[in-house]
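Read through the structure below, which is laid out as structure tokens, and then see the notes.
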């Protein structure tokens, strides 16, 4: 999904395989592949049920600013955590008529897309953009400072600390915030094809998980059908009554 007439720079990544962020500590389970791999290579069929995060305010308030910013962007816009980590100046377009962030990298065509910025995410990105001292909005921490020419790779320690201090149970991964975005979007009535493009899914079956989870989405769809049927029946009845009135012969005076 690319917004027409807009171009963005593909940021440099020397060793993509080894530079992927680590998420294992967030949930207590990992594998050799990252969440994006598990999501798009068919492993979702045997994956555990999606975790939807509620009452997000407590862990966010307990977390560091960087953690809060990353979490807000994920739950507001739906990108993968590593896509947030790699956000850089050339790919963030806040002054566009429809503000968006370009995701230039991904294993599939769908993963390389434009993600529209929401109001809450806009405030975070504006602040990050204004304070960035280099290319990346979320730079790599090196010692007591930052390397602004490299993206950050993980947030595990800060995430674990925030979960502990907030007392939220069961614990959740950063990636669960992306699942939360997907479920909320489905509940809001977003059709699967559009949701797949927003989230960069290669397989529509992945997107269907969120739609299946959303009972309210199904209820709303049924209500729309009932409403349409009732309105149509009323319109047909009114039309029939009008036709009968037109066919009645006029009484001579």
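Read the figures in this text as sums done on the coordinates, not as results from a lab. Just so you know, these numbers come straight off a predicted model, no measurement behind them. Glycine also receives a Cβ, built like all others from the backbone with ideal geometry; neighbour counts cover every protein chain displayed.
Annotations
- Odd one out for residue 150, checked against (1) over 17 Å from the mean Cα position of the chain (by Cα); (2) crowded, with 18+ Cβ neighbours inside 10 Å; (3) part of a loop (DSSP other than H, G, I, E, B): (3)
- So residue 134, is it free of Cβ contacts under 8 Å to residues at least 24 places away in the same chain, touching a helix residue (DSSP H, G or I) at 6+ places or on another chain (Cβ under 9 Å) and more than 28 Å from residue 197 (Cβ to Cβ): yes
- Within region 85-103, being surrounded by 22 or more Cβ atoms within 10 Å (Cβ to Cβ) and closer than 10 Å to residue 125 by Cβ holds for 87, 101.
- Restricting attention to region 108-126, the residues that are assigned to a helix (DSSP H, G or I) and either touching a helix residue (DSSP H, G or I) at 6+ places or on another chain (Cβ under 8 Å) or without any contact (Cβ under 8 Å) to a residue 12 or more places away in the chain (or both) add up to 6.
- Of the numbered criteria (1) assigned to a loop (DSSP other than H, G, I, E, B); (2) touching a residue at least 40 places away in the same chain (Cβ under 8 Å); (3) surrounded by fewer than 17 Cβ atoms within 10 Å (Cβ to Cβ), the one residue 129 fails is (1).
- Looking across region 76-107, the residues that are farther than 21 Å from residue 203 by Cβ and not in a loop (DSSP other than H, G, I, E, B) come down to 76, 84, 85, 88, 89, 90, 91, 92, 93, 100, 101, 102.
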